[in-house]
Each structure stands twice: as C-alpha cells, then as structure tokens.
Amino acid sequence: MTHKDAILNAAGTNTRLAHLGNDPASYHGFVNPPIARGSTVLFPDARTLVAEDQAYTYGTHGTPTTDALCDMVNSLEGSAGTILLPSGLAAVTVPFLAYLSAGDHALIVDSVYFPTRRFCNTMLKRLGVEVEYYDPAIGADIETLIRPNTRLIHLEAPGSNTFEMQDVSLMTSIAHAHDCVVTMDNTWATPLYFKPLDHGVDVSIHAATKYPAGHSDVLMGFVSSNEKHWQKLHDANRDLGLCVTSDDAYQVLRGMRTMGVRLEHHRKSALDIAQWLEGRDDVAQVLHPALESFASHDLWKRDFKGSSGVFSFVLKAPEGRFREKSYAFLDALSIFGLGFSWGGYESLAVPVSLRDRTVAKGPTDGPLIRLQIGLEDVADIKRDLEAGFAAAALA
Ligand SMILES: Cc1ncc(COP(=O)(O)O)c(C=O)c1O
C-alpha cells in the first residue's frame, strides 16, 4: 500500500471520491485517466500472447479506464472485485445467472424493482429456478421459507416505490447458516449511506445510472462481491461477454467525483419536502424511511448514514377517482418531468402501480406518486408541487 493509499483509507468520503481511482503518475501527470477505447490489445511476442501474460488482453476484459472506476467502487464497497455492466437491470440479472442453477430455489423480496421480478418470473423460471417472494418485514421468519435447495436470497432496501427497510444483518446471518448467497440492490443508498458488505451481504448491486452517473445521460450497473463469491461472478460475466465502454466508464467516474455533494443536496431537499408534504391536508401518507412516522424507520436509523432523494406519497382522493386525481396532479407539474429513473440532477415524478405485489401490497388509501427530488431550489420545487395539488383538487 502506498503512502497516499493509507491516507485515503482513513480520509472522509468527499476526499476519497476526489482521489480514488486516480493515478496521474501513470498518465504523464494528467489528473484523470485516459479514455482507452479498444477491442484489440497487442502483445510484444507469441509467448506473451499465448500466456495472456500482461495487464490488458482484450477490450471485453477491462481497460485502464474501466479499472480506474472498478478500483474506486471496490474501495467504497470494501469488495474483492467489481464488474461493470451496461445497465442497472443487468447488474441484478448477471449475479442471479452466476449463482443459480436449474433445480435451485431463490427468495426475492416482494418490494423488488419490477424488472427484477419480470426476469425472475420469465427467464429464471424457464431455466428451472423456482422463485418465491417474501415480505420485506419478514425478519427472522425468513428461515421458515428456506428449503434445502434455497441458494440465493435477494434484498432490496429500501424497497422500490414503497421504501420498506429490511433487517439486513439478521437476514444475512440466517441466510449464511443455510449456505445461501445474499445479494442486495443498494441503489437508493449508494455505498456512501450504506455498505452492504459490512452488514454480511455477499454481493452488492447498484444501478450506477442513478447517483453515480448523476446526470441522466449514462446507463450502467456495478456488481461488487466479497472474496468468497468473486470468482463465480467474474467467470459468469466473462462467459456472458458483457462489458461497458471506456467512454461510459469515464462519464460515471466523472459523476462520482461529485456524488457526495450531490447526494447531500438531494438528501436535504427531499427530507424537507417529505416533511412539508406530511403536514398537508391533501396528502394521506408519505413513504420516506428517514421520517419518524415511517413503519420501518428504526431500521433505517440503526443502519444507514443518510437518505437519498427518492420517496413516495399517497395523494388523498375519493375511492374510484384515484387515476383522475393523480393524472391531474402530474399533468400540472412543470419543473418535475414525468419520466422513469432517478438520481439525476432534475426532479421527476411517476404514478406508481403496485399490481405486481404478492405479499407487500402497499398503501391502498389513495394513488401513490413517486418523486425524485433533484438539485433545483426547494422553494421552486414546492411551488411546482402546489400547482399539482391545486389541479388535483379541481379534478
Ligand atoms: C432499485 C433499482 N434497481 C435497478 C434499476 C435498474 O437500473 P437501470 O435503469 O440502469 O437498468 C433501477 C432503475 O430504476 C432501480 O430503481
């Protein structure tokens, strides 16, 4: 370990984000790594080629740019290795393919990101894997669902759209007693607010499209694993032939330099707006893990260092008028864009459907709307939401 590495290991988050993955001395002093585009890598002689005895061998196996990003992610996650994938969804499906085989049983949290569920219900089932969904509040009772052939337990905390927290350490200790690999989609918190591997998770998953990229212009996924599960993940990724371009890796590395300051801004604004919504007569409920009123707030408080910018609320609406009221609210917004994803600099809103849920049904007392609070000024965001409430009142 170099002197600088030792200093960075003990440094604060923003210092680490500013310096991790950088090695200017290797690039003639330039602060950032080069964008190394390439498929073919040349070898100096036949022996070296046959033995593949050099740092870089072929474009799909990594470049100096993708390595710079992986180094940073490994340092933040405390992981033995990280693979980069072309989307956050691929960052969930590739580890499932790596660790599951025909005849296995997998336990997936019911508040999971919907496309993860679609992959489980289609491709995993076709490949002979049995999938069962569990309540995010299950806690120790997860043990009752574990069968002799259960090989993988997937966590997502907070859950998509309804934000239920999970007792991660409890779940991982039970899973490991039955020799199951534990994967966790940690996109909401990023390793800045929660480090899954420190809580016993084996494989930490991120849609880097969100906060790491941060500008709604790049799609990417990270999968970071502990030592025990690294080789299988690495080999599955190699066998599938998946990789990202150096151009995209560069953009995500660039985004991560400011991820700490961006997240802090998202955190503050989102919490301010969530509290403001909670006090309104036209809001039935706010689903944000950092609010004391939230059912699993204690787990968030125990384990997480912060909260990010995405949460949901239930708009008050009479039975039978949910759709009209929520569409009127959404259509009156100007600063909020109506669109999928989150983690970028701009505010977004989407109507949420929980029709896919089998156990964790979520609130049913009104239409659910998910907000991603961007980096705009809070007063402007509130004014925009007020226009939405005014339109919903008239609908
Ligand atoms: C929790 C979660 N995981 C994974 C993804 C997938 O990321 P991507 O859009 O990069 O495929 C998303 C996207 O919204 C998400 O919300």
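The values are calculated or read from the model by the stated rules, or taken from the named source; none is laboratory data. Model, not experiment: these values are computed from the prediction. Glycine also receives a Cβ, built like all others from the backbone with ideal geometry; neighbour counts cover every protein chain displayed.
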Legend entry - Condition check for Val218: of a type in the set (Val, Ile, Thr), without any contact (Cβ under 8 Å) to a residue 40 or more places away in the chain and either surrounded by fewer than 20 Cβ atoms within 10 Å (Cβ to Cβ) or farther than 16 Å from Trp188 by Cβ (or both): yes
Legend entry - Unique residue being among the aromatic types (Phe, Trp, Tyr), at pLDDT 95 or above and within 30 Å of His178 (Cα to Cα) when the list is Tyr56, Tyr99: Tyr99
Legend entry - Count - residues of the stretch 345-362 that are more than 19 Å from Thr116 (Cα to Cα) and surrounded by 18 or more Cβ atoms within 10 Å (Cβ to Cβ): 3
Legend entry - Subset of the stretch 321-353 (residues that are free of Cβ contacts under 8 Å to residues at least 40 places away in the same chain and hydrophobic (A, V, I, L, M, F, W, C)): Leu338, Phe340, Leu348, Ala349, Val350
Inset, instruction - Filter the stretch 41-61 down to the residues that are touching a residue at least 12 places away in the same chain (Cβ under 8 Å) and touching a strand residue (DSSP E or B) at 6+ places or on another chain (Cβ under 9 Å), then identify the one that is surrounded by the fewest Cβ atoms within 10 Å (Cβ to Cβ). - result: Tyr58
Legend entry - Test: Pro86 is within 19 Å of the chain's Cα centre (by Cα), surrounded by fewer than 20 Cβ atoms within 10 Å (Cβ to Cβ), more than 21 Å from Leu192 (Cβ to Cβ) and in contact (Cβ under 8 Å) with a residue 24 or more places away in the chain: yes
Inset, instruction - Enumerate the pairs (first residue in the stretch 144-166 and part of a strand (DSSP E or B); second residue anywhere and surrounded by fewer than 19 Cβ atoms within 10 Å (Cβ to Cβ) and among the polar types (S, T, N, Q)) with beta-carbon separation below 8 Å, excluding pairs fewer than 6 apart on the same chain, so at least 6 apart or on different chains. - result: Arg151/Ser101
Legend entry - Breaking point among (1) small (Gly, Ala, Ser); (2) touching a Phe, Trp or Tyr at 6+ places or on another chain (Cβ under 7 Å); (3) within 16 Å of the ligand (Cβ to nearest atom); (4) over 15 Å from Ala236 (Cβ atoms), for Gly88: (2)
Inset, instruction - Kindly check whether there is at least one residue in the stretch 156-175 that is touching a helix residue (DSSP H, G or I) at 6+ places or on another chain (Cβ under 6 Å) and more than 28 Å from Ser307 (Cβ to Cβ). - result: no
Inset, instruction - Just give me the residues in the stretch 377-395 being assigned to a loop (DSSP other than H, G, I, E, B) and touching a residue at least 60 places away in the same chain (Cβ under 8 Å), in sequence order. - result: Ala395
